[in-house]
Each structure stands twice: as C-alpha cells, then as structure tokens.
1. Exactly one of these conditions fails for Arg110: (1) over 27 Å from Ala31 (Cα atoms); (2) surrounded by 14 or more Cβ atoms within 10 Å (Cβ to Cβ). Give me its number.
2. Just one of (1) more than 29 Å from His4 (Cα to Cα); (2) surrounded by 18 or more Cβ atoms within 10 Å (Cβ to Cβ) trips up Lys61, so point out which.
3. Looking at the range 102-123, which of its residues are assigned to a loop (DSSP other than H, G, I, E, B), away from ligand 1 (no atom under 16 Å from the Cβ) and free of Cβ contacts under 8 Å to residues at least 24 places away in the same chain?
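Where a number appears in this text, it was derived from the coordinates with a stated rule and is not lab data. For clarity, every value in this text was computed on a predicted model and none was experimentally measured. Cβ sites come from the backbone with ideal geometry, for glycine too, and all protein chains shown count toward neighbours.
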Amino acid sequence: MAYHERPTTNHRSYTGFSTRMPTREFTTHSAEETIVLGRSLAAALTPPKLVVLRGELGAGKTTLVKGIAEGFHAASAENVTSPTFTLVHEYRGSQGNLYHIDLYRVDTQRELETLGLDDLRDDKSVLLIEWGEKFPRFERERDVEITLTRLAENDRQIRVIA
Ligand SMILES: Nc1ncnc2c1ncn2[C@@H]1O[C@H](COP(=O)(O)OP(=O)(O)OP(=O)(O)O)[C@@H](O)[C@H]1O
Ligand SMILES: [Mg+2]
C-alpha cells in the first residue's frame, strides 16, 4: 500500500506574501514507503533550503533522505548512507546540491563551527540536518522542519512544517 496523507489544518496565519506550504502529515508503513514519500517531497524542496529532520534514533530520518536524494536525481537510495562519522555527505543533482548532515555527535559550538556549514549554504544548496534542533540557530533559521515519529515497528508518522 502506498503512504497516505492525512489532511491537516495550517495554523500559521496567511499573510498574503506567504509562499509557505501548509503543514502536511503522512503515515508510512515501511522503509520503502518512506523513500517513496521522500521522492515526492523533493519537489517542494527547491534550493536554497535549510531542513531540520527531527525524530529519535531509528525514526527514519536517513531513510527519508534516501528518497529526497532520489527525487533530486542526486543519488540512488542504496548509495545514501548515514553521515554518522563523516558528519556531512554531499550529493550533487540536477535540482541542486544536497548536503546530508548528522549532528548527533556534535555537541559544542566549536565542533559545529569546524564543519563550516555556512560555507555550504548557497542558492543551489539544500541542507538536510539530522539532530539540528540541538542548536537553537537551526531552529531559527530552518525553512522546513520534518518530524518523524515511530508509531509501531514499521509505521511512522511524518509531519512536514514549512
Ligand atoms: N515506515 C518506516 N519508515 C522509515 N524507516 C522504517 C520504517 N519502518 C521500519 N523502518 C526501519 O527503521 C530504521 C530507520 O533508520 P534510519 O537510519 O532511517 O533512522 P534515523 O532517524 O536516521 O536514525 P539516527 O538518528 O540513528 O540517524 C531502518 O532500519 C528502517 O528499515
Ligand atoms: Mg540517521
């Protein structure tokens, strides 16, 4: 079965200038479905964007990035692996350059600065940051927040807020 989308209300007020997409919520029932969802979300992630991916260990953040990278024609799902130790993976695609970042092991401001993430931010880049919420600046600067919640062994709620 394909992933399904549950209608949600966008609680942000409409300003007349907003090009923001409303909050969207999905449920997936397998890693494969999450990859398919990631592919479709890629269309909304036009550069430049800073995306914070939230969710506990094993929630499916990296799995979703596999689909987003495919949607960007930047990498195939099996070639997208967790940047657990290398901290930043770069994928160049026709729709822009994806940077997949994992800040789980990054604890101090100094460690963060050594990554030089600001240098990656240009008009062609989309930064997908796992554990970005550890640093308040990413909470402030993020364009999109995607929160994954484990509902059961293979079920995930995926909420996209822009
Ligand atoms: N519906 C689903 N969506 C995504 N992953 C799922 C789903 N059902 C089961 N899984 C499994 O859950 C795991 C998710 O792992 P993944 O590395 O994507 O998580 P993560 O959020 O990036 O964790 P971490 O914080 O450790 O990096 C995988 O083993 C995947 O196969
Ligand atoms: Mg991960």
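1. The one condition Arg110 does not meet is (2).
2. Unmet condition: (1).
3. So in the range 102-123, the residues assigned to a loop (DSSP other than H, G, I, E, B) come out as 103-108, 115-116, 121-123.
From the residues that got through so far, the ones that are away from ligand 1 (no atom under 16 Å from the Cβ) too are 108, 115-116, 121-123.
Scanning the range 102-123 gives Thr108, Gly116.
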